[in-house]
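Working notes, structure below.
The values are calculated or read from the model by the stated rules, or taken from the named source; none is laboratory data. Being a predicted model, the structure only gives us computed values, none of them experimental. Using ideal geometry, Cβ is built from the backbone for each residue, glycine included, and neighbour counts are taken over all protein chains shown.
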Amino acid sequence: MVPEGVDFDEHGLLPVVAQDQLTGEVRMVAFASEQAVRLTLETGRATFWSRSRGELWEKGRTSGNTLAVSAVLVDCDADCLVYLVSPNGPTCHTGRASCFFRRATLEESTSQATPARIVVSDAEVPAPTLLARLEAVLEARKASHAKASYVKSLYEGGPAKIGEKLVEEAGELARAVADETDERVVSEAADVLFHVMVALRSRGVSVEAVLRELDRRTGTSGHDEKRARPASG
């Protein structure tokens with residue numbers, strides 16, 4: 001089968017979505033020319049075409065907020081790309097992590113003859129991924145009252161109580177894997193993940209740090225990785 005080419009538009013451009021390879025967060029959207037895509041593939045640095053300046057631009061060359069590209073994905077029509085990236089610092093020129101921090105809503109019309117208008121507001125936008133949303137909720141629970149919050153009661157119980165719940169939930173998952181239904185496995189696995197997230201927040205460790213560690217281990221033998229770990233005190 002002959003590989004397909006990429007389908008650039010009449011201006012020699014196509015849209016590119018830059019997506020965080022660890023979290024799945026969309027960081028930005030821009031356009032790229034054939035040369036920009038070629039440079040991205042050659043260098044591993046996200047390169048685009050500036051329609052306003054009429055020139056190539058490498059993300060972060062002046063600001064330092066680069067996007068290291070691990071892969072370039074092509075959509076089904078070959079007219080749109082995804083750069084899977086590892087961001088170094090914020091991506092948006094506003095200093096935010098992502099360019100997508102505003103929300104579109106409908107403003108109801110006062111006339112039946114006029115359709116509702118799409119408006120853009122700076123209303124709070126939820127975290128872009130499920131893990132990030134859960135992390136935000138667990139962080140907010142630190143300020144709640146223990147009687148009204150199970151998570152706050154775990155925080156107040158300290159490492160001993162959190163560790164006890166982790167052992168309990170892991171045991172329940174192990175039993176489900178051995179003897180129970182898939183639905184029970186899913187339920188118990190969700191409990192384990194939830195309590196792992198609580199443990200991370202109790203230490204101020206981000207779930208992204210864990211994802212980075214998993215990514216670091218990708219392609220490494222589990223036996224080799226364990227042998228390379230420093231001995232625990």
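Here are the numbers for this structure:
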item: Candidate set from the range 85-109 (those that are modelled with pLDDT under 90 and assigned to a loop (DSSP other than H, G, I, E, B)); member that is surrounded by the most Cβ atoms within 10 Å (Cβ to Cβ); result: SER109
item: Scan of the range 19-44 for residues that are touching a helix residue (DSSP H, G or I) at 6+ places or on another chain (Cβ under 9 Å) and over 30 Å from LEU130 (Cβ atoms), ordered by number; result: none
item: Among (1) exposed (fewer than 11 other Cβ atoms within 10 Å of the Cβ); (2) modelled with pLDDT of 90 or more; (3) farther than 30 Å from GLU42 by Cβ, the one test that LEU131 misses; result: (1)
item: Given (1) touching a residue at least 40 places away in the same chain (Cβ under 8 Å); (2) assigned to a loop (DSSP other than H, G, I, E, B), number of the condition MET28 does not satisfy; result: (2)
item: The range 34-63, subset more than 14 Å from TYR83 (Cβ to Cβ) and either among the hydroxyl-bearing types (Ser, Thr, Tyr) or touching a Leu at 6+ places or on another chain (Cβ under 6 Å) (or both), residue surrounded by the fewest Cβ atoms within 10 Å (Cβ to Cβ); result: SER52
item: Residue ID - nearest to LEU200 (Cα to Cα), chosen from residues in the range 171-183 that are of a type in the set (A, V, I, L, M, F, W, C) and loosely packed, with under 15 Cβ neighbours inside 10 Å; result: ALA174
item: Close pairs (7 angstrom Cβ cut-off, 6 or more residues apart or separate chains): part of a strand (DSSP E or B) in the range 110-122, β-branched (Val, Ile, Thr) anywhere; result: VAL119/THR105; SER121/THR105
item: Condition check for GLY157: part of a helix (DSSP H, G or I), surrounded by fewer than 13 Cβ atoms within 10 Å (Cβ to Cβ) and either free of Cβ contacts under 8 Å to residues at least 12 places away in the same chain or hydrophobic (A, V, I, L, M, F, W, C) (or both); result: no
item: Number of the exception - ASP75 against (1) touching a helix residue (DSSP H, G or I) at 6+ places or on another chain (Cβ under 8 Å); (2) of a type in the set (Asp, Glu); (3) within 30 Å of ASP9 (Cα to Cα); result: (1)
item: The range 79-92 residues that are more than 19 Å from ALA209 (Cβ to Cβ), paired with ones that are among the hydrophobic types (A, V, I, L, M, F, W, C) and assigned to a loop (DSSP other than H, G, I, E, B) (beta carbon under 6 Å, 6 or more apart); result: TYR83/ALA46; CYS92/CYS99
